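The structure appears right after this line, and notes come after that.
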Amino acid sequence: IIFTSDHGEGLGDHGQIGHIKQLYDSLLRVPLILTYPGRLPAGMTIDQPMSLVDVLPTLSEIVDLDPPSGISGTSLLPLITGNQTTTTPVFAATYRPESDVDKLAVVAKGHKYIHTVSDDGEWEELYDLVADPQELNDLAPTEPPILDELRALLQARIQSSPAASAVDAELSDEEKAQLEALGYIR
């Protein structure tokens, strides 16, 4: 049995409502509960960040199936069984046109780095998730070494992503109209 959610909801924290244009923990931290009597230990809690892209490879390993090739994520089973002690960095993103800004984030080493691009410019945020779980104290101006390290992690992820080699595609008028009717473009 798996219990999870695709995202949380912003209910005014950070001055924002909704879930489309922010990457704070009120949206990213969702429940992930796995139970499989006889295969998974009961009552275990893991407090490290992990990603929903890890669910499919984890389930594949639990039921002894090979995960599909080319998927993102890694099995959490070694972490669950105690054969691994740390998780990999967690990445998150939101893009236009659903959002009015593009945001990329990485969670690693107890911190979160958020890079935002909007029509008004670009900015960075950095939070110590242990000391400041509400993400109220932006450390970007005062912690350049941590900022640089997490920025480099995010850039490495972007460069290794299949999207890094993507090319623009031309859409027909009909395709544009269909996407607009679905609310994907304005």
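The values are calculated or read from the model by the stated rules, or taken from the named source; none is laboratory data. All figures in this text were calculated on a predicted structure; none of them were measured in a lab. Here the Cβ positions follow ideal geometry from the backbone for every residue, glycine too, while neighbour counts run over all protein chains shown. SASA here: full protein model, heavy atoms, side chains in, ligands and nucleic acids out. Shrake-Rupley method; radii C 1.70, N 1.55, O 1.52, S 1.80 Å.
Out of curiosity, is T58 open to solvent by less than 40 Å² (accessible area, probe 1.4 Å), over 14 Å from the mean Cα position of the chain (by Cα) and polar (S, T, N, Q)? Even if it seems obvious, please write down each step before you answer.
Details: open to solvent by less than 40 Å² (accessible area, probe 1.4 Å): yes; over 14 Å from the mean Cα position of the chain (by Cα): yes; polar (S, T, N, Q): yes.
Yes; evaluated as a whole, the condition is true for this residue.
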In the range 170-182, is there at least one residue being without any contact (Cβ under 8 Å) to a residue 60 or more places away in the chain and either under 24 Å from L27 (Cα atoms) or touching a Gly at 6+ places or on another chain (Cβ under 9 Å) (or both)? yes
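Please go through the range 24-39 and pick out each residue that is surrounded by 15 or more Cβ atoms within 10 Å (Cβ to Cβ) and in contact with a strand residue (DSSP E or B) (Cβ under 9 Å, 6 or more places away or on another chain). Reasoning before the result, please.
Pass one, the range 24-39, residues surrounded by 15 or more Cβ atoms within 10 Å (Cβ to Cβ): 24-29, 32, 34.
Listed by number, the residues that qualify are Y24, D25, S26, L27, L28, L32, L34.
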Residue tally, condition without any contact (Cβ under 8 Å) to a residue 60 or more places away in the chain, part of a strand (DSSP E or B) and among the aliphatic types (A, V, I, L, M), over the range 105-144: 4
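When you go through A152, A108 one by one, which is the residue that is open to solvent by 40 Å² or more (accessible area, probe 1.4 Å) and of a type in the set (G, A, S)? Steps first, answer last, please.
Details: A108 fails: open to solvent by 40 Å² or more (accessible area, probe 1.4 Å).
One residue alone meets the criteria, A152.
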